[in-house]
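S.K.: Have a look at this one before I ask anything.
Bear in mind that the values in this text are calculations on the coordinates, not laboratory data. Since this is a predicted model, take the numbers as computed values, not measurements.
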Amino acid sequence: MSPEGSTVTFRRVPQTVERRAIERFAHKLEIELTQGRAFDCLITTDAELRRLNRQFCGRDAATDVLSFPAAGPWPAPRGHPPGSRLGDLAISLPRAQTQAREFGHDTEQEIQILMLHGVLHLLGMDHETDHGRMARAEKRWRARLGLPNGLIERVQP
């Protein structure tokens, strides 16, 4: 975790993704959505997402994004109150690339969609149990951020 706030770590940065644009997007989410609470995002492989999903969620399958809310008081970044760290995200780069092609936008936008979705989970939302609250929030934020359809809308009838 960086003392400056949220971080984005790439295992491998593809030529089609501008690293700084993703870092700026994470910072924008930190400022506008999380109100200054930091999070860390790892952009990695399907194999690593599968391992993390198996280890922490008990599901032996790769997925596109995982959210790990902070489980307790953590050292806060300078200028932030204790407990302000939201947690961690892990995003599968291969899944983001495939989904971007499937839905007709670029990989950078797909990573942003996945990051937004994951951050909403870090904020305590759960689209499986909240009767549409997260879906509505995701839709509002996507419109505000200029992003195409999000994960929840893709799977709803």
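S.K.: Once amide H atoms are built 1.01 Å from N in the peptide plane, which residues 5 or more positions from Gly36, or in another chain, come under 5 Å H to H?
M.R.: Counting only residues 5 or more places away or on other chains, the set is Ile31.
S.K.: If you plug each phi of the stretch 87-101 into the Karplus form 6.51 cos²θ - 1.76 cosθ + 1.60 with θ = phi - 60°, what whole-Hz ³J(HN,Hα) values come out, in order, with x for Gly and Pro?
M.R.: Karplus-based 3J(HN,Hα) across the stretch 87-101 equals x, 10, 10, 10, 10, 7, 5, x, 5, 4, 5, 5, 5, 4, 4 Hz.
S.K.: With a/c under 1.5 counting as rounded, go ahead and sort the stretch 7-150 into rounded, prolate or oblate using the C-alpha gyration tensor (a ≥ b ≥ c being the square roots of the eigenvalues; past the cut-off, prolate if a/b is larger than b/c, else oblate).
M.R.: Rounded is the answer for the stretch 7-150, as its axis ratio a/c remains below 1.5.
S.K.: For Gly87, enumerate residues with amide H under 5 Å from its amide H, sequence gap 5+ or separate chain, H modeled in the peptide plane.
M.R.: Residues meeting the amide H criterion: Asp40, Ala70.
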